[in-house]
Amino acid sequence: MPIAPTFSVIVPAHQAAHLLPDTLPALVASDFPRDRWELIVVDDASRDNTAVVAASWADRVVRLDGPPRGPGGARNEGARLATRDWLVFIDADVRVHRDTLGRMADQITQDSGLVALFGSYDAHPAARGLVTEYRNLLHRYVHCCGAGEAETFWAGCGAVRRLEFTEVGGFDTARFPRPQIEDIELGYRLRDRGARIVLDPLIQGTHLKRWTLAGMLRTDLLDRGIPWMLLLLERRGRAGQALNAGRSEQLKVGIEALATLLLLSAALLGSAQPVLLAALLFAILATSNFPMYAWFARQRGIGFSLAVIP
């Protein structure tokens, strides 16, 4: 009979005193037997009461001196102190469902060849508003479409076998000292060694973050888009069709870039023709995204779907 795994649940926390009274009790209320997992909270040089708040629920609280090491560095420190077979990474702003840890354990028990697995945000973010709900639903849509064998990893709600995590050197904090794509890059290194990673969108957590338009654009461009593009170029020939970095998505980025250049040229030349061509390209983009807009409509209604097209 397969042996159920044991977990070291690691929560990196920076300035998270307002989040932990929501997220840590949800972890403690998990239906996975409490004697089969430990809870480690790593306070990444917070200036608030993160460590004090965490102590009410965590088995161990680790306080790191400044400057902050970023989530990758905090997770690495938690992994160094872990005592169980699997490392489960949960972000401080993710409220797990009661069955999140149990679903992870079931997957691992049923598939002895797994090295890592991860889930998704659910479709009901704690904060409301067009930008927040769009960003959250986009994440869920992408993860639902990418369910199954995965090329990368997500550390917001994911698990890695401790042995393989240690063997690849953990998160690359020299390259990613702040929240960027440190988990994606870790997934690539695991895959390079032949590790099997699975994405199961039934493993869910509720995201507590409130997004702004400026914050979303900054994150998607500076912390994800550009670093991921550079990583793909570096790994040319070795990167699979991971999540939203597949060939079709790369083509869409090219079309959008061309349309934007046409709008700029129209402004410089004072001509209407580039605007018409740019409009055609944007229409092609919108049409190609129809399955996503239809999914948004099923989740939030047609009005919401139309509102997020821009």
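Bear in mind these aren't lab numbers, they're just calculated from the coordinates by the rules spelled out. Note that the coordinates shown come from a computational prediction; the quantities given were computed from them, not determined experimentally. A quick note on method: Cβ atoms are made from the backbone with ideal geometry, for glycine too, and the neighbour counts reach across all protein chains shown.
Note on Leu202 and Leu258: the model spin-label points, each 7 Å out from Cα along the C-beta direction, lie 4.2 nm apart. For the options Ala58, Ala266, Ala29, a Gaussian network treatment of the chain with springs between C-alpha atoms closer than 10 Å singles out Ala266 as fluctuating the most. For segment 1-106, the alpha carbon positions stretch 47, 26, 18 Å along the principal axes, listed from largest to smallest. Computed from the mean reciprocal separation of all distinct C-alpha pairs, what Kirkwood hydrodynamic radius does the chain have, in Å? Hydrodynamic radius (Kirkwood, Cα only) of the chain equals 20.6 Å. Comparing Val42, Val88, Val52 in a Gaussian network model of the chain, where Cα atoms under 10 Å apart are tied by springs, the biggest mean-square fluctuation is seen for Val52.
Go ahead and run the numbers for FRET between Leu81 and Ser248, Cβ-Cβ distance against an R0 of 35 Å, rounding to 0.05.
0.25
Modelled spin labels at Arg47 and Ala294, positioned 7 Å past Cα toward Cβ, are 5.0 nm from each other. Protection proxy ranking, highest mean first, for peptides 196-202, 220-226, 174-180: 196-202, 174-180, 220-226, where packing is the per-residue count of other beta-carbon atoms within 10 Å, averaged.
Residues whose amide H comes within less than 5 Å of that of Val198, counting only those at least five positions distant or on another chain, are Ala116, Leu117, Phe118, Ala150 (H built at 1.01 Å from N in the peptide plane). Each peptide in 146-159, 280-293 gets a packing score, the mean of other Cβ atoms within 10 Å over its residues, and the list from highest to lowest is 146-159, 280-293. Site pair Asp65 and Thr212 shows an inter-label distance of 3.4 nm when each label is modelled 7 Å from Cα along Cα→Cβ.
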